[in-house]
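Undergrad: Before anything else, here's the structure in question.
The values are calculated or read from the model by the stated rules, or taken from the named source; none is laboratory data. What you see is a predicted model, and the numbers here were worked out from it, not measured in a lab. Quick reminder, even Gly has a Cβ in these numbers, built from the backbone with ideal geometry, and neighbours come from all protein chains shown.
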Amino acid sequence: MLICLTALTACKSKNVVLETTMGTIELKLYDQTPLHRDNFRTLVMEGAYDSLLFHRVIRDFMIQGGDPDSKHAAAGVLLGEGDRPYTVPAEFRLDDGIFHRRGVLAAAREGDDVNPEQRSSAMQFYIVWGKIFDDEGLDKIQIRLDQRTGGRVKLTPEMREVYKTVGGTPHLDGQYTVFGEVVRGLEVVDAIRQVATDENDRPLEDVRILKAYLK
């Protein structure tokens, strides 16, 4: 399932378009994360994301979608457990300058207690919004990263500058796979992140992916 199985021209496509009820988002997929890239492409070509909801929205954090159970979910139903019966090996690429800045596409996953290899969900993804940090805030994040990753993840000067000017979610770096970025429609992400939600972070009014396709 992690291999692009259709025509060669489709396999070479690096962009995915999400037509949503709130506007269009175009995503570029990274070649540096080929397992996630090809898995996402395959799911898009299968129509797996058509009619699914953004089922979890946190204003200053991210918008999350891809739960297949959300397609026909009644209002107010708790979502987030649906998926395909496989996971994708982690592909952390901090050395390639791929980290949790605002506008990137990343894979959701189960927690470390049941998923020590930090393998990604087959279907569920999120688009980062986050917030803008100052040096003091980033110093605190670095302490948390040192504790969580055993000192494996370090915020470089370049990363710190992005988090101080563009924003993002640095506390997730090196723990969740980032595999693409928004190249068009960041204002749509901004609009979605601000919708009213219930106590489970599900939008009160459904925000739906009408269709996803390769470009």
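Undergrad: Answer yes or no: is there a residue in the stretch 105-125 that is aromatic (F, W, Y), in contact with a helix residue (DSSP H, G or I) (Cβ under 8 Å, 6 or more places away or on another chain) and farther than 25 Å from A74 by Cα.
TA: Let us first name the residues in the stretch 105-125 that are aromatic (F, W, Y), namely 125.
Add one more test, that the residue is in contact with a helix residue (DSSP H, G or I) (Cβ under 8 Å, 6 or more places away or on another chain), and what stays is 125.
After this cut, where a residue has to be farther than 25 Å from A74 by Cα as well, the list is none.
Looking for residues that are aromatic (F, W, Y), in contact with a helix residue (DSSP H, G or I) (Cβ under 8 Å, 6 or more places away or on another chain) and farther than 25 Å from A74 by Cα, one finds none in the stretch 105-125, hence no.
Undergrad: Still on this structure, I have one more. Hey, can you tell me all the residues within the stretch 60-78 that are outside any loop (DSSP other than H, G, I, E, B) and not small (G, A, S)?
TA: Of the stretch 60-78, the ones outside any loop (DSSP other than H, G, I, E, B) are 62-65, 68-70.
Across the stretch 60-78, the qualifying residues are M62, I63, Q64, P68, D69.
Undergrad: In the set F99, F92, F61, which member is surrounded by 22 or more Cβ atoms within 10 Å (Cβ to Cβ) and either modelled with pLDDT under 95 or aromatic (F, W, Y) (or both)? Break it down stepwise before answering.
TA: On the way: F92 fails: surrounded by 22 or more Cβ atoms within 10 Å (Cβ to Cβ); F61 fails: surrounded by 22 or more Cβ atoms within 10 Å (Cβ to Cβ).
Just a single option satisfies the conditions, and that option is F99.
Undergrad: Looking at (1) surrounded by 20 or more Cβ atoms within 10 Å (Cβ to Cβ); (2) at positive phi; (3) of a type in the set (G, A, S), which is the only condition G167 fails?
TA: Exception for G167: condition (1).
Undergrad: Here is a follow-up. Would you point out which residue out of R119, R152 is under 18 Å from E91 (Cβ atoms), surrounded by fewer than 21 Cβ atoms within 10 Å (Cβ to Cβ) and touching a Lys or Arg at 6+ places or on another chain (Cβ under 7 Å)?
TA: Working: R152 fails: touching a Lys or Arg at 6+ places or on another chain (Cβ under 7 Å).
The match here is R119.
Undergrad: Which of (1) under 24 Å from K215 (Cβ atoms); (2) in contact with a helix residue (DSSP H, G or I) (Cβ under 7 Å, 6 or more places away or on another chain) is the odd one out, the single condition V183 does not satisfy?
TA: Tallying (1) under 24 Å from K215 (Cβ atoms); (2) in contact with a helix residue (DSSP H, G or I) (Cβ under 7 Å, 6 or more places away or on another chain), V183 fails exactly one: (2).
Undergrad: Considering each of D173, D190, D206, D135 in turn, give the residue that is over 26 Å from L18 (Cα atoms) and of a type in the set (D, E, K, R).
TA: Working: D173 fails: over 26 Å from L18 (Cα atoms); D190 fails: over 26 Å from L18 (Cα atoms); D206 fails: over 26 Å from L18 (Cα atoms).
Checking each option against the conditions leaves just D135.
Undergrad: Does any residue of the stretch 102-116 turn out to be of a type in the set (G, A, S) and in a strand (DSSP E or B)? Steps first, answer last, please.
TA: Taking the stretch 102-116 and keeping what is of a type in the set (G, A, S), we get 103, 106-108, 111.
Now narrow it down to the ones that are in a strand (DSSP E or B): 106-107.
Scanning the stretch 102-116 turns up at least one residue that is of a type in the set (G, A, S) and in a strand (DSSP E or B).
Undergrad: Applying the selection to the stretch 40-57, what residues are touching an Asp or Glu at 6+ places or on another chain (Cβ under 9 Å) and either without any contact (Cβ under 8 Å) to a residue 12 or more places away in the chain or within 17 Å of R109 (Cα to Cα) (or both)?
TA: F54, H55, R56, V57
Undergrad: Cβ-Cβ under 8 Å, sequence separation 6+ or interchain: first residue in the stretch 169-189 and over 19 Å from T149 (Cβ atoms) and at pLDDT below 95, partner polar (S, T, N, Q) and buried (at least 20 other Cβ atoms within 10 Å of the Cβ). Which pairs?
TA: Listed pairs, sorted by first residue: none to list.
Undergrad: Could you list all residues from the stretch 1-48 that are in a loop (DSSP other than H, G, I, E, B), at pLDDT 95 or above and either of a type in the set (A, V, I, L, M, F, W, C) or surrounded by fewer than 16 Cβ atoms within 10 Å (Cβ to Cβ) (or both)? Break it down into steps so the answer makes sense when it comes.
TA: Narrowing the stretch 1-48 to residues in a loop (DSSP other than H, G, I, E, B): 1-7, 12-14, 21-22, 30-33, 47-48.
If we keep only those that are at pLDDT 95 or above as well, we get 21-22, 30-33, 47-48.
Result: T21, M22, D31, Q32, G47, A48.
Undergrad: Please determine whether any residue of the stretch 132-153 is in a loop (DSSP other than H, G, I, E, B) and of a type in the set (A, V, I, L, M).
TA: From the stretch 132-153, those in a loop (DSSP other than H, G, I, E, B) are 132-134, 150-153; that's our starting set.
Checking which are of a type in the set (A, V, I, L, M) leaves us with 132, 153.
Yes - at least one qualifying residue is present in the stretch 132-153.
Undergrad: Within the stretch 122-149, count every residue that is surrounded by fewer than 18 Cβ atoms within 10 Å (Cβ to Cβ) and among the small types (G, A, S).
TA: Going through the stretch 122-149 one residue at a time, the tally reaches 1.
Undergrad: Could you list all residues from the stretch 170-192 that are among the charged types (D, E, K, R) and either assigned to a strand (DSSP E or B) or buried (at least 22 other Cβ atoms within 10 Å of the Cβ) (or both)?
TA: At the first step, the residues of the stretch 170-192 found to be among the charged types (D, E, K, R) are 173, 181, 184, 187, 190.
Answer for the stretch 170-192, where residues must be among the charged types (D, E, K, R) and either assigned to a strand (DSSP E or B) or buried (at least 22 other Cβ atoms within 10 Å of the Cβ) (or both): D173, E181, R184.
Undergrad: Cβ-Cβ under 6 Å, sequence separation 6+ or interchain: first residue in the stretch 25-39 and in contact (Cβ under 8 Å) with a residue 60 or more places away in the chain and closer than 27 Å to I192 by Cα, partner hydroxyl-bearing (S, T, Y) and surrounded by fewer than 17 Cβ atoms within 10 Å (Cβ to Cβ). Which pairs?
TA: Every condition considered, no pair remains.
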